[in-house]
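Working notes for the structure below.
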Amino acid sequence: MAQKGVQVIAVEAESLAAEAGIEPGDVILEINGEPVLDQLNYQFLVSQKDETLVRWRKPDGREELAELENCGDGIGVDLAADEVKVCKMNCVFCFVHQMPKGFRKSLYLKDEDIRLSFLYGHFSTLSSSNEAELDRIIRERLSPIHVSVHATDPEVRVKLTGNPREGHILRKIDHLLAGGIDVHTQVVLTPGLNDDWVWEKTLAELWERRAFQTTGPRAGQGGVLSLSCVPVGLTAHREGLPDIPEMTGEFAQAWVKRWMPEVRKYTAANDGEPWFLLADEWFTRARVDVPGRTFYSRSWAQLENGVGLLRRFLDHAKRFMKTPRAQAFQGRKALLLTGASFAPILNQTLMELNRMTGSQLRAVAVPNLAFGESVTVAGLLCGRDLLQSAHADRLEHGGRPDWVDAVVVPSATLRTHTGPSDQYTLHGVEAKAEGTFLDDLTLADLHRDLGRPVVPGGANLAQLLDHLEAAERAAGLKGDLRAIFHASGLNQPQGAYNP
């Protein structure tokens, strides 16, 4: 984590920093005699004492020193974004390695940063975390963090990750647990590589380290808060990569049948709180019903990892359709574009809503032409995929330009900036305020091409209705998404954490 200070990009008027003479362009080097590593470290250091000794460097090289009575609060500066740390693994199922060519540079950067893990739930293999950084996590109480385990067996993990130095993941996890840090874990399950005995060993060894143990050698330490199992995702762009068996529907059906009862057993043994979690994609691939609410953590643990999103949507839809607000859908005619895995569930919900309100809402499964049709999740659809499906649907309905009142795209396909990588490195990248798809088309581009309002779907039916109403007022066709639409589900810039 070596870094020679952090640069100030803005100073609040009449703040302690302004009174001390700190200006934009200055670099904060030390706080209370300790070097400042990054934004997160700055926040930790500045909060330690009532009086904070700050050393900074001016653009001409002069260094200045001041003691500020901040009482543990910030001193009134905004700091430049940190440079992201990259992954040192070569996992056989790494999605970045399966990216088609021609996308923006940031999409090919494998982030591996414990700061993102702590702040936003990004999963880290800990390949870039040496002992010093693990100690930093403990000292600054960056808990919980999220760790990609994949396999606890050292030999198998080396085969999976392609890094002979990173087989003993439990050593790093145990280091964190001994320091009081809690950990969420995940396994990307790949048939023939880390299933069978490898999976059972991983499950057992992480269960031994579960959180909140009150007796035994681990009492009082940090613990593993949860373990999610996610099916491997393969694209059509695996040239030069190891052969991996495809995750078939038959495999998913057998897996769900075998392990769903085990999920409930682990829940019962964990005082009723779900600990072992199955990602939603297991159920969509297996074409079985999504489990009920008690199957998932009370706090929706690992929701950002695709665990419980479908159940939360279905539960909200059931409640929403009982409210008077739902009747505002009456007479609305909209096309909802989504991924192939979610389309059947969404259509079933829309059919019920249409019966209750007289609306005409339809969901269409969009083939993923950019990554390959084996990729069925909505968040990886590109703007051109969505545009092509919308044009095809219009032709199927007579080709009229007003065939629907509005076109709805998944919020997960959009981002409000160029993404976490660009937000960190800032290498001449201009942030975009409008909603941008993976292929750099924007929400406004789709609106111009289709001649219809195009809005993000939001996280539930209530947010969808809000967005449709915003489009009617013409507010949803321009401006910053965060100011116009609900931010739920949008791929917002991660790493823009201001002190």
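Derivation of every value follows stated rules applied to the coordinates shown; laboratory data play no part. The shown structure was predicted, so the numbers you read here are calculated from the model rather than taken from an experiment. Because the Cβ atoms are built from the backbone with ideal geometry, glycine has one as well, and the counts that use them run over all protein chains shown.
Sorted ascending by nearby beta carbons within 10 Å, beginning with the fewest, 440, 280 become 440, 280. For the stretch 165-185, backbone nitrogen atoms closer than 14 Å to the point 7 Å from residue 141 Cα along Cα-to-C-beta are found at 180-182.
Which of rounded, prolate, oblate describes the stretch 6-79, given a ≥ b ≥ c as roots of the alpha-carbon gyration tensor eigenvalues and a/c under 1.5 marking rounded, otherwise prolate only if a/b is larger than b/c? Rounded, because the longest to shortest axis ratio a/c is under 1.5. Computed across the stretch 215-277, the Kirkwood radius stands at 14.8 Å (inverse of mean 1/r, all Cα pairs). Restricting the GluC sites (Glu not before Pro) of the stretch 172-215 to loop positions (DSSP other than H, G, I, E, B) with no more than 14 neighbouring Cβ atoms within 10 Å leaves 208.
The distance between label points at residue 360 and residue 53 comes to 7.4 nm (points 7 Å beyond Cα on the Cα→Cβ vector). Label the chain by shape, choosing from rounded, prolate and oblate, from the square roots a ≥ b ≥ c of the eigenvalues of the Cα gyration tensor; if a/c is under 1.5 it is rounded, and otherwise prolate applies when a/b is larger than b/c, oblate when it is not. The shape class here is oblate.
Less than 19 Å from a label point 7 Å out along the Cα-to-Cβ axis of residue 384: which backbone N atoms in the stretch 225-260 qualify, by residue? Taking a point 7 Å out along Cα→Cβ of residue 384, the residues of the stretch 225-260 whose backbone N falls under 19 Å are 235-239. Distance between the pseudo-spin-label points of residue 219 and residue 200 (7 Å out from Cα toward the beta carbon): 3.1 nm.
Stretched out straight at 0.36 nm per residue, the stretch from residue 14 to residue 397 would grow longer than its current Cα-Cα span by 131.7 nm.
When only the Cβ of Lys, Arg, Asp and Glu is charged (+1, +1, -1, -1), the dipole of the chain relative to its Cα centre reaches about 1940 debye. Legend: distances between Cα atoms for 201/265; 4/85; 88/172; 4/58; 159/265; 88/201; pairs beyond 20 Å are 159/265; 88/201.
The Cα atoms of the stretch 96-307 give a gyration tensor whose axes a ≥ b ≥ c have a/c of 1.5 or more with a/b no greater than b/c, which makes the shape oblate. Applying a 4.7 Å Cβ-Cβ cutoff to the chain, the cysteines left without a disulfide-compatible partner are 71, 87, 229, 382.
Label sites at residue 315 and residue 101, each approximated as a point 7 angstrom past Cα along Cα to Cβ, lie 4.7 nm apart.
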